[in-house]
Amino acid sequence: MIEVIAKRYAFEPAQIEVTQGERIRMLVKSGDGLHGFEIKKFKVSKEIPRGSDPVAIEFTATEAGSFPILCSVFCGDGHDGMQGTLVVTARSVP
Ligand SMILES: [Cu+2]
């Protein structure tokens, strides 16, 4: 389980590394107000409400590469720069 905090104006951790084909389970929680958590490549888009209740997100990282994690809810002056990265490492075939 990967725990992520969304807050003005960053995701923590900013970079999340997983392996291709892995079922990803995340718990995303806000450190202040309302945010969004979006990874377009894997059709992930959730609102992260204010408060301490984490939002569970599950998806499979089917493709290797580097994909932006964006805030999909306007949250203030630094919103456009609020970005993280999901790094999916190619699975090594034995
Ligand atoms: Cu935000």
- Item | Amide H contacts under 5 Å for SER72, placed H, 5+ residues apart | GLY36, PHE37, GLU38
- Query: Can you give the % of DSSP beta bridges in the chain that are antiparallel, to the nearest 5?
  - Reply: 70
- Could you look at the chain and say what percent of its accessible area is carbon and sulfur, using a 1.4 Å probe and all protein chains? 47
- Item | Shape call, the stretch 43-93: gyration tensor on alpha carbons, a/c limit 1.5 | oblate
- Report, as a whole number in µm² per second, the diffusion coefficient that Stokes-Einstein gives for the chain at 4 °C and 1.567 mPa s using the Kirkwood radius over alpha carbon pairs. 98
- Provide the per residue accessible area, probe 1.4 Å, for the stretch 28-94, rounded to a whole number of square angstrom. 57
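Stokes-Einstein at 37 °C, 0.692 mPa s, Kirkwood radius from Cα pairs: D for the stretch 1-40 in µm² s⁻¹?
Reported coefficient: 297 µm²/s.
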- Message: For a quick check: with amide H placed at 1.01 Å from N, whose amide H comes under 5 Å from PHE11's, ignoring anything fewer than 5 positions away on the same chain?
- Response: GLN83
- Item | 5 angstrom amide H check on VAL4, placed H, neighbours 5+ away | LEU27, VAL28, LYS29
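The values are calculated or read from the model by the stated rules, or taken from the named source; none is laboratory data. Computed from a predicted structure; not experimentally measured. Only protein heavy atoms, including side chains, enter the accessible area calculation; ligands, DNA and RNA are left aside. Shrake-Rupley method; radii C 1.70, N 1.55, O 1.52, S 1.80 Å.
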